[in-house]
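Comments concern the structure below.
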Amino acid sequence: MSCPVRARVESELTQEIQPVRGMNDVLPTEIGAWQTIEGAARALLAAYGYQEIRIPVLERTELFKRAIGEYTDVVEKEMYTFVDLGGDSLTLRPEATAGVMRALISNGMLRGQRHKLWCMGPMFRHEKPQKGRYRQFHQINVEAVGMPGPDVDVELVALTARLWRRLGIEGLRLEVNSLGSPEARHAYREKLVEYFRARYERLDADSRRRLEGNPLRILDSKNPDLRELIDGAPVLTDHLDPQSREHFQVLCASLDGLGIPFRVNPRLVRGLDYYSRTVFEWITDALGAQDAVCSGGRYDGLIAQLGGEATPGIGFAMGVERLVALLTQAGRVQPSPAADVYIVVSGSRATASGVALAERLRDELPSRRFELNLGGGNFKAQFRRADRSGAAIALILGDDELERGVASLKPLRREAGQSESPLPDLAAAIEAALAGPAGQP
Ligand code: ATP
Ligand code: MG
């Protein structure tokens with residue numbers, strides 16, 4: 001007799017499990033662009049003297065509240081926060097700078113030292129998923145700690161410009177601004193509050209709340225209805241302290257000197273609270289509304305704010321998904337290299353010795369790619385797989401060849417006959433076949 005409850009439970013158990021919204025799989029067909037970007041960044045950062053650091057994806061919630069600021073989109077509404085089994089409030093990192101600074105403090109790495117660091121990995125924000133905006137996304141983060149700039153500010157921008165050149169990504173525009181010192185920003189803040197308070201009825205609910213907590217955040221609002229109001233607001237660059245003004249002038253002059261075009265955008269305040277002085281962003285017109293591909297700035301007060309010894313710092317983060325989209329659109333993704341040799345095995349004895357032969361050849365020719373036919377199949381099926389693998393040559397081992405102590409080689413990408421080689425000499429024969437008659441496989 002069938003039991004309806006059990007039937008229901010069983011059908012639930014076999015139901016397809018859905019992925020989490022806004023969190024993507026990166027498939028083998030897409031991985032080439034990721035590896036190109038990660039590889040280029042890794043090589044370039046090493047060349048500029050940056051070292052990799054790896055930090056946890058979970059941190060105490062307090063870290064992000066203190067570092068990013070309570071009145072930011074990220075902390076107000078985007079964090080994945082939960083209480084763990086031990087009763088601690090933890091948060092999946094929405095960005096990396098706070099964690100890297102926490103790591104420097106926790107590991108006693110400040111004390112007047114300098115650090116040039118980078119890390120890469122997933123970040124988590126509970127945003128509305130759309131093209132170029134996800135709930136799990138990836139960043140490459142770069143941080144320079146212990147140097148007041150502006151030389152390091154300039155070098156970091158130059159590094160990013162070089163990365164775009166190396167990747168062949170064109171059409172990115174650089175925007176820069178200065179947020180000044182905390183004191184100058186404080187004075188500016190009063191002006192801003194005065195301006196928005198006089199126009200209170202035009203503000204949206206988020207902005208009204210921020211008016212008291214952090215009015216600068218209003219400038220960062222993505223609400224198009226506020227655009228005009230924000231455009232009329234007092235400009236921070238007009239209220240810079242003399243040192244910040246000088247810092248900013250050197251930055252701009254140096255970028256000019258390097259031939260890196262930029263635009264000063266006085267509305268660029270960046271979405272996180274910890275920035276001071278230099279902020280910059282690389283933006284694109286090629287990705288629709290999600291136009292920022294790399295954003296950063298100076299955060300001189302952050303480390304002290306987290307309980308560490310006051311130390312200046314500057315950093316930026318690149319959004320890997322957005323760079324992947326640009327690279328793919330530009331057709332700059334290299335196809336992953338095919339196998340050099342596909343090993344076809346036929347007959348029971350040859351099949352049984354296939355793995356050993358492939359392993360021996362991998363020992364002898366470590367830089368060559370061998371793909372062994374796995375899972376059987378007749379001759380025709382194996383040749384079809386060999387062809388699809390993109391391999392330059394097929395190595396054929398049948399029982400009768402094994403008996404005679406030979407294997408056959410057949411070029412797959414050019415008109416040429418099959419040749420035989422004694423098993424001990426296979427490595428040399430493969431190299432010769434790969435080189436082809438005129439050095440062409
Ligand atoms: P946006 O204005 O697009 O929300 P942001 O100012 O919040 O960006 P940052 O916190 O500075 O972004 O992060 C640095 C980079 O990370 C951004 O320039 C962007 O390329 C990428 N990024 C940020 N949020 C997302 C997301 N939800 N999905 C994909 N990439 C993102
Ligand atoms: Mg954002």
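Every helix of 4 or more DSSP H residues in the chain counts as -39500 (n - 2.57), and over all residues that averages to -11500 deg cm²/dmol at 222 nm.
Local charge sum around residue 398 (other residues, Cβ-Cβ under 13 Å, Lys/Arg +1, Asp/Glu -1)?
On the way: positive: 349, 404, 410; negative: 399, 400, 401, 403, 420.
Result for the local shell: -2.
Divide the volume of the convex hull around the Cα atoms of region 341-434 by the residue count and you get 88 Å³ per residue. Size descriptors for region 295-387 (Cα atoms only): Rg and Dmax, in that order, 25.7, 72 Å.
For a quick check of your reading of the filter: which GluC sites (Glu not before Pro) in region 355-415 sit in a DSSP loop and have no more than 14 other Cβ atoms within 10 Å? Could the numbers behind the result be given before it?
Working: sites: 359, 364, 371, 401, 403, 415; in loops: 415.
Sparse-neighbourhood loop GluC sites (Glu not before Pro): 415.
Computed extension gain for residue 212 through residue 379, at 0.36 nm per residue and net of the alpha carbon distance, reaches 52.5 nm. Pairs of Lys residues in the chain are counted when their Cα atoms are under 22 angstrom apart and they lie 8 or more places apart or on different chains; the count is 10. Computed from label points 7 Å out along Cα-Cβ, the spacing between residue 286 and residue 113 is 4.0 nm. For the chain, the Cα-based Rg and Dmax, in that order, read 29.0, 95 Å. The C-alpha atoms of the chain define a longest principal axis, and helix 320-329 lies at about 60 degrees to it.
Counting only protein heavy atoms and a 1.4 Å probe, region 341-434 has 52 square angstrom of accessible area per residue. 3J(HN,Hα) couplings calculated from phi for region 81-93 with the Karplus curve 6.51 cos²θ - 1.76 cosθ + 1.60 (θ = phi - 60°) are, in sequence order, 10, 8, 9, 7, 5, x, x, 8, 7, 10, 9, 5, 4 Hz; Gly and Pro show x.
Amide H contacts of residue 278: 179, 298, each under 5 Å away and 5 or more positions distant or on a separate chain (H built 1.01 Å from N in the peptide plane; Pro and chain starts excluded). Accessible surface of region 1-156, 1.4 Å probe: 53 percent of it comes from carbon and sulfur atoms. Let's test the formula: R0 of 56 Å, r as the Cβ-Cβ distance of residue 23 and residue 423. What FRET efficiency results, to the nearest 0.05? According to the calculation, E is roughly 0.65.
Full extension of the chain between residue 235 and residue 222 yields a length gain of 2.9 nm, computed as 0.36 nm times the residue separation minus the alpha carbon distance.
Considering only protein heavy atoms and a 1.4 Å probe, what is the carbon-and-sulfur percentage of the accessible area of region 279-323?
Carbon-and-sulfur percentage of accessible area, whole number: 49.
For region 46-190, the per residue solvent-accessible surface stands at 45 Å², with DNA, RNA and ligands left out and a 1.4 Å probe.
The distance between label points at residue 151 and residue 170 comes to 3.5 nm (points 7 Å beyond Cα on the Cα→Cβ vector).
Gain on full extension, evaluated as 0.36 nm per residue between residue 364 and residue 31 minus their Cα-Cα distance, stands at 117.0 nm. As a fraction of the 1.4 Å probe accessible area of region 341-434, surface on carbon and sulfur atoms comes out at 52 percent. Over all pairs of different C-alpha atoms, region 195-269 has a mean inverse distance whose reciprocal, the Kirkwood radius, equals 14.2 Å. Net charge near residue 99: determine it from the other residues with C-beta under 13 Å of the C-beta of residue 99, scoring Lys and Arg +1 and Asp and Glu -1. Net local charge, residue 99 excluded: +1.
Derived scalar couplings between HN and Hα for region 238-243 equal 6, 10, 6, 6, x, 5 Hz in order, rounded to whole Hz, by the Karplus curve 6.51 cos²θ - 1.76 cosθ + 1.60 (θ = phi - 60°), x for Gly and Pro. Our coupling estimate for region 401-416, obtained by passing each phi through the Karplus curve with A = 6.51, B = -1.76, C = 1.60 and θ = phi - 60°, is 4, 4, 3, 8, x, 10, 9, 9, 10, 9, x, 9, 10, 8, 6, 6 Hz, Gly and Pro reported as x. Under the criterion of Cα pairs below 8 Å and six or more residues apart, the relative contact order for the chain equals 15 percent.
The values are calculated or read from the model by the stated rules, or taken from the named source; none is laboratory data. This is a predicted model, so every value here is computed, not measured. Virtual Cβ from ideal backbone geometry, glycine too; neighbours counted across all protein chains shown. In case anyone asks, the SASA skips ligands and DNA or RNA and just uses the protein heavy atoms, side chains included. Shrake-Rupley method; radii C 1.70, N 1.55, O 1.52, S 1.80 Å.
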